[in-house]
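Asker: Quick one: this structure, given as structure tokens, is what I'll be asking you about.
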């Protein structure tokens, strides 16, 4: 007696065909039960007449799939991944195999090979899954430039190739702006930190490329938002960036959680995988080379692959003319106020500056001075909206306290 292995679906098909042959079911009833057409049932009846129960088994049973990766190619792929891309995900690994090695296999095939070889653990099998919190979905904005999500991420982007002054791997900050409507990276720069001046430098470069966006989505980091009690009670207190954006007509929106600006947060997770490996493959170890690679190669390639078409064609960026671009650094800088001393000096960041005679500007002690510190660390001093000539004072002699001589004391005789 021959035993014919059959799946549960094939067993159900066999039972229906036998019922039709025995007259317990009509062909139409069998088709409704199996959720197929009458013609299918007729074909199966013919197959049963020709080959019996074995005729109902799929013809490819036991045959090797024509799409199966040949053993030699399989060994070559896994060897390359182990040697060059051991920490790459399947999608990025498949891209690099195609770009650099001429092996054109889709990400699903590469994923199956990596899972079978233990080089990749599927998401569902990973441990330590976080607690799921219910959140509401927010639709993308319809126009490019209508809402820009901006943030910074500290990470060992250069792994161990970039060292700090102490000889330790340096964690630089990647400043990044992503368009909410398209998902495009509109600008990205590596910076030493997420402070005021690097952020001002970022937005100066951004405005030169795209113009000014309508709104910017930010978190509540101290560079962006004052959260102290005094600031909450006094809405006029603003950070340097808030002041600059309000002056330029940009509305800042402050997220209450990282998930609120999830597009840029998820993008950082992707870049902490992809960008780190791209920099490694090119042996990039300087900030200048990395920023050049970002603007010339990585960002255009990334946007071509993953950008989406906005619902509306209009671009909501406000273009800037030549004069506006030239005046932009006067706003995108650190602004502080000082007072002219009696000797016509001004102090800023532990450095004294001597105010020099300036044509068309009358200066007096106690005048208010507006000090601008630009992203390149240069400073300027303005009195009544006119820039004053200054020179640094090498060493200012401190004021000595008055010396009081003791007076004679009269002692009664």
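The values are calculated or read from the model by the stated rules, or taken from the named source; none is laboratory data. Bear in mind that the values here come from a model prediction, so they are computed numbers and not experimental data. Every residue, glycine as well, gets a Cβ built from its backbone with ideal geometry; the counts of neighbours run over all protein chains shown.
Asker: Residues in the stretch 1-14: is at least one part of a helix (DSSP H, G or I) and either in contact (Cβ under 8 Å) with a residue 60 or more places away in the chain or more than 56 Å from the chain's Cα centre (by Cα) (or both)?
Answerer: Within the stretch 1-14 (the criterion being part of a helix (DSSP H, G or I) and either in contact (Cβ under 8 Å) with a residue 60 or more places away in the chain or more than 56 Å from the chain's Cα centre (by Cα) (or both)), the answer is no, since none of the residues qualifies.
Asker: Could you identify the single residue in 65, 7, 94, 98 that is surrounded by 11 or more Cβ atoms within 10 Å (Cβ to Cβ), out of contact with any strand residue (DSSP E or B) (no Cβ under 6 Å at 6 or more places or on another chain), at pLDDT below 85 and within 30 Å of residue 117 (Cβ to Cβ)?
Answerer: Unique residue meeting the criteria: 7.
Asker: Here's another thing I want to ask about it. Could you tell me which numbered condition residue 316 fails, if it satisfies all but one of (1) under 21 Å from residue 184 (Cα atoms); (2) in the same structural domain as residue 172 (by TED's automatic domain parsing)?
Answerer: (2)
Asker: Residue by residue through the stretch 15-36, note down the ones that are assigned to a loop (DSSP other than H, G, I, E, B) and surrounded by 13 or more Cβ atoms within 10 Å (Cβ to Cβ).
Answerer: If the condition is that a residue be assigned to a loop (DSSP other than H, G, I, E, B) and surrounded by 13 or more Cβ atoms within 10 Å (Cβ to Cβ), then 25, 26, 36 are the ones that fit.
Asker: Is it the case that residue 113 is at pLDDT 90 or above and either within 21 Å of residue 274 (Cβ to Cβ) or not in a helix (DSSP H, G or I) (or both)?
Answerer: No: the conditions fail for residue 113.
Asker: If you don't mind, another one. Please find, within the stretch 207-218, the residue that is farthest from residue 255 (Cα to Cα) out of those that are in a loop (DSSP other than H, G, I, E, B) and touching a strand residue (DSSP E or B) at 6+ places or on another chain (Cβ under 6 Å). Steps first, please.
Answerer: Within the stretch 207-218, the first condition is being in a loop (DSSP other than H, G, I, E, B), and the residues that meet it are 211, 213-214.
Remaining after also requiring touching a strand residue (DSSP E or B) at 6+ places or on another chain (Cβ under 6 Å): 211, 213.
Values: 211: 23, 213: 17 Å.
This residue is 211.
Asker: Let me ask something else. Within the stretch 244-255, track down each residue that is in a helix (DSSP H, G or I) and surrounded by fewer than 14 Cβ atoms within 10 Å (Cβ to Cβ).
Answerer: Across the stretch 244-255, the qualifying residues are 246, 247.
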